[in-house]
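Take a look at the structure below.
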Amino acid sequence: MLWITAAWGLCFLAIRLGLQDAPVLWFAALRALIAAAALLLVCVVQRRNLPRGWRTWALITLMGVTNVTVAFAAMFAGTAGMAIGAAAVLANAQPLLIILPAWWVYGESLSGRTVLGVSIGFAGLLVVGLTSGGGSGAWLALLAAAAVTAGTLLARGLGGADLVAASAWHFLIGGALLAGMAAVREPVPTINWTPQFIAVLLFLSLVGTAAAFLAWFREATRSRLDLLTAWTMLVPVIGIAASLVLPGERPPPSAAAGTGLVLASLWLMFHQRNRRTGHGTGTKDSDVAGQTR
C-alpha cells in the first residue's frame, strides 16, 4: 500500500505535466490503453486464461466504465482546472465514500466513531473545494473519487477471476470508450511527443495504472474496504508535496486546513480499526487487517 499510494500521489504531478503536451481526453485514453496493452502482454507471455462467464464480463465492463472512462476523464479534467494539491485531496475521497456501501453491501461494521470521521472528512473536502476555487474542477475531482469507489466495490465481486486478465480487459474497454469520446470532443488531437511527455505517459500507464491498480484490486478482493482505503490518506499528502516543485502550486492556508481535517478524519477511522484488531481476539476482522498490513 505504501508504494501504491506513492505512485498515485505522483500521478497528479505527472498529469499536470502531461497536459502541457496533450489534450485531456486523449491523454487519459492513452494512459488506459497503454496500461491495457502492458497487462495483455503479460497475459500472453504467462498464458493466462480469458475471464469466463457473463457475470464476470459484466463486472469487468462496469469497472471499465466507472474506474477508467468516468474516473480518468474526471480526474484529468479536474486536475487541469484546479491546483494539484486540491485535486489530489478531492479525487482521493474514496475512504470517506466507501464507508456506507461497504457496510450496506458487505456487512462491514459501522461505528459512531466512523460516522464522526466521515462527517469531519466531508467538512474538510468542502473546505478544500471551496477555497481552491470550487467550480467544475472540484466537482470533477469528486466525481473521479466516486467512480474509483464504484470500481473498488465491483472488484470485490471478481472472486476467482484472473485479476491480471480482468484488469487488462477493463482498461481496454474503458480506454476504448475514452478514445471514442476524445474522437468526438477532440477530433484533431495535437500531441507533442516530447521526451518529458513520453516519460510522464509511461510512468502513468505502467506504474501508476497497470501495476498500481492490479495490486489495489488484489487487496480489494481480500481485505476490509474501510481499512484498505484508509491507506489512500497518503495520496493527497504525496500529491501536495510533489506539487510544490511547480510554480504557483502552493496551497492557501485554508486549503491546508481542509486537508488537515480530511487526514484527521481518516486517522480517526484508521486508529479505531488498529485498536480493534490489536488485542489478539482472533476474530475475522483482525485476520483480514493483519493481511492488509
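So here's what we get for this one:
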item: Segment Ala257-Leu50, extension gain: residue separation times 0.36 nm, minus the distance between their alpha carbons; result: 69.8 nm
item: Formal net charge of residues neighbouring Pro23 (Cβ-Cβ distance under 10 Å; K, R +1; D, E -1); result: -1
item: Sorted by Cβ density within 10 Å, fewest first, the residues Ser167, Ser265; result: Ser265, Ser167
item: Local net charge near Trp216, Cβ-Cβ under 13 Å (Lys/Arg +1, Asp/Glu -1); result: +2
item: Order of Val184, Val68 under a 10 Å beta carbon neighbour criterion, fewest first; result: Val184, Val68
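Every number here is computed from the coordinates shown, using simple stated rules; none is lab data. Everything quoted here is computed from the prediction, not taken from an experiment. So basically every Cβ, Gly included, is an ideal-geometry build from the backbone, and we count neighbours across all protein chains shown.
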